[in-house]
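The next block holds one structure in the form of structure tokens; read it before the comments.
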Amino acid sequence: MNIPIPNRGYTIFFVNCDPNNLCVRNMKLQATFISSYDDYQKCPERTTPEYAFIGRSNVGKSSLINSVTGVKKLALTSSKPGKTQLINLFNIEDQWILADLPGYGFAKASQTSRIKWGRMVHDYLKNRSNLMNVFLLIDSRHEPMKSDLEQVTWLASNGIPFSLIFTKIDKLSNSQLGKNIAAWTTELSKDWEELPKMITTSSETGKGKEELLDYIAEINKQISK
Ligand SMILES: Nc1nc2c(ncn2[C@@H]2O[C@H](COP(=O)(O)OP(=O)(O)OP(=O)(O)O)[C@@H](O)[C@H]2O)c(=O)[nH]1
Ligand SMILES: [Mg+2]
């Protein structure tokens, strides 16, 4: 079923859903894998807006891409950290692009691969001209970690717009989630007057998916004005 949602800028396919009781959890976008690249300079030049997921290894970047698009196995996931090794681009609805990037903080990674990661990911983030916003994924089960805070500082100091996505919220209680987000707010407030957009998500339950898609649609709308 193909149901255009007004003012959203994306079309949604609902799977096994009563059209009178549309459930966001089951919605499916038209999403296809473009290709993988080990260098931003090899990525195809595009003018459509691009959004990147970055974060620690195993935080749930690839899973969230599958959850948000509703396309199972679109991005490859694994319970072991270090699964995504390249810049993976996905065409969404022929209107925007999602980039799944390799994670940092992988304990077993060699010094050489850490340097390679830094070069590949940071060069992409600094130079990809159609990149509109970076989503930094944070595991909601933890209080702010040094490596995540370093990425926040790096993004801000390079003038790259970013938002925070808290992942795996199905794995903790609401009170623990509230506590960890409060710790993030306190930490960020030390340096920033204005806090970035924050979205809480679960790829298991679909929580946060609609808010994330609406946020992206809003940016897409601003660009097309
Ligand atoms: N319970 C739960 N598990 C999740 C969620 N998101 C991801 N996972 C699990 O976390 C593990 C890592 O997920 P990935 O999506 O591969 O993580 P990643 O950030 O892409 O990892 P790298 O590619 O190594 O950087 C997998 O076992 C997922 O099933 C979530 O929202 N809830
Ligand atoms: Mg991955």
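A few points about this structure:
- With respect to the conditions (1) in a strand (DSSP E or B); (2) free of Cβ contacts under 8 Å to residues at least 40 places away in the same chain, ILE34 falls short on a single one, namely (2).
- Whichever residue in the stretch 101-135 is polar (S, T, N, Q) and farther than 14 Å from ILE87 by Cα and, among such residues, is nearest to ligand 2 (Cβ to nearest atom): SER113
- Cβ-Cβ under 7 Å pairs, at least 6 apart or on other chains, the stretch 43-65 side on the phi > 0 side of the Ramachandran plot, far side of a type outside the set (Lys, Arg) and within 11 Å of ligand 2 (Cβ to nearest atom): GLY55/GLY103; GLY55/LEU137; ASN58/PRO81; ASN58/GLY103; GLY60/LEU137
- Among the candidates GLY105, GLY118, residue that is in contact with a strand residue (DSSP E or B) (Cβ under 6 Å, 6 or more places away or on another chain), within 16 Å of ligand 1 (Cβ to nearest atom) and at pLDDT below 95: GLY105
- Yes/no for ASN20 being part of a helix (DSSP H, G or I), more than 16 Å from ligand 1 (Cβ to nearest atom) and either under 16 Å from the mean Cα position of the chain (by Cα) or modelled with pLDDT under 95 (or both): yes
- Counted residues, the stretch 116-140 - those being basic (Lys, Arg) and more than 17 Å from the chain's Cα centre (by Cα): 2
- Members of the stretch 76-89 that are within 13 Å of SER35 (Cβ to Cβ), buried (at least 18 other Cβ atoms within 10 Å of the Cβ) and within 13 Å of ligand 1 (Cβ to nearest atom): ILE87, ASN88
- Given (1) more than 22 Å from LYS126 (Cβ to Cβ); (2) in contact with a Ser or Thr (Cβ under 8 Å, 6 or more places away or on another chain), number of the condition LYS225 does not satisfy: (2)
- Selection status of LEU64, in a strand (DSSP E or B), under 15 Å from the mean Cα position of the chain (by Cα) and within 16 Å of ligand 2 (Cβ to nearest atom): no
- Out of ALA183, ALA217, sole residue that is out of contact with any Lys or Arg (no Cβ under 7 Å at 6 or more places or on another chain) and farther than 23 Å from PHE106 by Cβ: ALA183
- Condition check for LYS73: on the phi < 0 side of the Ramachandran plot, charged (D, E, K, R) and either more than 12 Å from the chain's Cα centre (by Cα) or in a loop (DSSP other than H, G, I, E, B) (or both): no
- Each residue in the stretch 85-101 was checked for being over 12 Å from the mean Cα position of the chain (by Cα) and either part of a loop (DSSP other than H, G, I, E, B) or among the small types (Gly, Ala, Ser) (or both), and 5 of them qualify.
- Pair list, Cβ under 8 Å, 6 or more apart: the stretch 100-120 residue within 23 Å of ILE138 (Cβ to Cβ) and among the basic types (Lys, Arg), other residue within 16 Å of ligand 2 (Cβ to nearest atom) and modelled with pLDDT of 85 or more: LYS108/PRO81; LYS108/GLY82; ARG114/TYR104
- Number of residues in the stretch 38-59 that are within 16 Å of ligand 2 (Cβ to nearest atom) and basic (Lys, Arg): the value is 1.
The values are calculated or read from the model by the stated rules, or taken from the named source; none is laboratory data. Keep in mind that this is a model prediction, so the values were computed, not measured. Please note: Cβ atoms are built from the backbone with ideal geometry, for glycine as well, and neighbour counts cover all protein chains shown.
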